[in-house]
Amino acid sequence: MAHEYGKETLSLEFKSDLKRLPDDDLLDAVVALANSDGGTVYLGVEDDGTPTGIDKVHQDAVGLSAMIANRTVPPVSARAQIVGTEKTPVMQIDVPKSRSVVSTKSGKVLRRRMKVDGTPESVPMYPYEIATRLSDLGRLDFSAQPVPDATRDDFDPLERDRLRRIIGTYQSSDRNLLELTDEELEKSLQADVMELLHVDANQAYYQLSKLVKGGKLRVIGRGKGTRYTIGGFTGRK
């Protein structure tokens, strides 16, 4: 029984191999599917769904899968197998949905989209679309991104107060931080202050403990005589 190929969709791509499809064209199709919802490339099928067979160079399924993995970043683990008939073999390449943004080794990043006429195509993925894609995959937190040209005046004073309340929540926390001015506090914690404002109290205390281990807070002495050196400021417990 002849294999049915149907018509192209966002997850189904046909590639003719009558003139030996260049590897770069095949990689473009694979990358576009991986950056969408995954799907299948049928190599050796015309756009109208007619099978015409694969070139002898492309009849090694294992070699084809290895080529795809070696020339995509991160590597795409596509599964290739020959289907169709003995007279008209077709290579079926199943492409998984990537949990990151994939490119060809030459740096091309593509995705699938539907044209106005209802047919699918592979198009470049632009920088803002890459950020959106990573966010959709849970790989990017927009709230943690740097804000260009921001100054101290842009910082919400209520958030500074919230940070001080977090520091004062635990008896074992470094209370000398509370003696610092707003500017001294921000300088001593540097980028960590922004991270602390997006976590709960338990996570905040963990981050403060890391400051001591990371050398941003220096502890001198023990017990009631403990002193802390913070960005040039020295306080006594």
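The values are calculated or read from the model by the stated rules, or taken from the named source; none is laboratory data. Just so it is clear, the structure is predicted and the values come from calculations on it, not from any experiment. Counting neighbours? That spans all protein chains shown, and the Cβs are built from the backbone with ideal geometry, glycine included. To get the accessible areas, we keep the full protein, side chains included, count just its heavy atoms, and leave off ligands, DNA and RNA. Shrake-Rupley method; radii C 1.70, N 1.55, O 1.52, S 1.80 Å.
Taking ASP37, is it open to solvent by 60 Å² or more (accessible area, probe 1.4 Å) and in a helix (DSSP H, G or I)?
Details: open to solvent by 60 Å² or more (accessible area, probe 1.4 Å): yes; in a helix (DSSP H, G or I): no.
No.
When only residues in the stretch 40-59 that are touching a residue at least 24 places away in the same chain (Cβ under 8 Å) and in a helix (DSSP H, G or I) count, which is surrounded by the most Cβ atoms within 10 Å (Cβ to Cβ)?
Restricting to residues being touching a residue at least 24 places away in the same chain (Cβ under 8 Å) and in a helix (DSSP H, G or I), the top hit is HIS58.
With VAL101, VAL62, VAL123 as the choices, which residue is more than 17 Å from GLY39 (Cβ to Cβ), among the aliphatic types (A, V, I, L, M) and either part of a helix (DSSP H, G or I) or out of contact with any Gly (no Cβ under 9 Å at 6 or more places or on another chain) (or both)? Reasoning before the result, please.
Working: VAL101 fails: more than 17 Å from GLY39 (Cβ to Cβ); VAL123 fails: more than 17 Å from GLY39 (Cβ to Cβ).
Every option except VAL62 fails the conditions.
Looking at VAL73, is it open to solvent by 50 Å² or more (accessible area, probe 1.4 Å), aliphatic (A, V, I, L, M) and under 30 Å from ASP136 (Cβ atoms)?
Numbers: open to solvent by 50 Å² or more (accessible area, probe 1.4 Å): yes; aliphatic (A, V, I, L, M): yes; under 30 Å from ASP136 (Cβ atoms): yes.
Here the answer is yes, as VAL73 does meet what is asked.
Give the residue, chosen from THR88, THR40, THR50, that is in contact with a strand residue (DSSP E or B) (Cβ under 6 Å, 6 or more places away or on another chain), among the polar types (S, T, N, Q) and over 29 Å from ARG133 (Cα atoms).
Working: THR40 fails: over 29 Å from ARG133 (Cα atoms); THR50 fails: in contact with a strand residue (DSSP E or B) (Cβ under 6 Å, 6 or more places away or on another chain).
The conditions single out THR88.
Out of all the residues in the stretch 56-73, which are out of contact with any Lys or Arg (no Cβ under 7 Å at 6 or more places or on another chain) and either under 13 Å from VAL41 (Cβ atoms) or aliphatic (A, V, I, L, M) (or both)? Explain how you work it out, then say what you get.
So the first thing to find is which residues in the stretch 56-73 are out of contact with any Lys or Arg (no Cβ under 7 Å at 6 or more places or on another chain), and the list is 56, 58-64, 66-70.
Selection gives HIS58, ALA61, VAL62, LEU64, ALA66, MET67, ILE68, ALA69.
Go through the residues of the stretch 133-147 one by one and say whether even a single one is at pLDDT below 90 and in contact with a Leu (Cβ under 6 Å, 6 or more places away or on another chain). Walk me through it before giving the result.
The initial filter retains those residues of the stretch 133-147 that are at pLDDT below 90, namely 133-147.
Filter once more, so that each one left must be in contact with a Leu (Cβ under 6 Å, 6 or more places away or on another chain): 134, 140.
Yes, the stretch 133-147 contains at least one residue that is at pLDDT below 90 and in contact with a Leu (Cβ under 6 Å, 6 or more places away or on another chain).
How do the pairs read when you match residues in the stretch 110-135 that are more than 17 Å from SER11 (Cα to Cα) and in contact (Cβ under 8 Å) with a residue 24 or more places away in the chain with residues anywhere that are open to solvent by 40 Å² or more (accessible area, probe 1.4 Å) and not in a strand (DSSP E or B), using Cβ under 7 Å and keeping only pairs 6 or more apart or on different chains?
Hits for this filter: LEU134/LEU140.
For (1) under 23 Å from the mean Cα position of the chain (by Cα); (2) among the acidic types (Asp, Glu); (3) buried (at least 19 other Cβ atoms within 10 Å of the Cβ), each residue gets a yes or a no:
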residue	(1), (2), (3)
ALA29	yes, no, yes
ILE82	no, no, no
PRO96	yes, no, no
THR104	yes, no, yes
VAL116	no, no, no
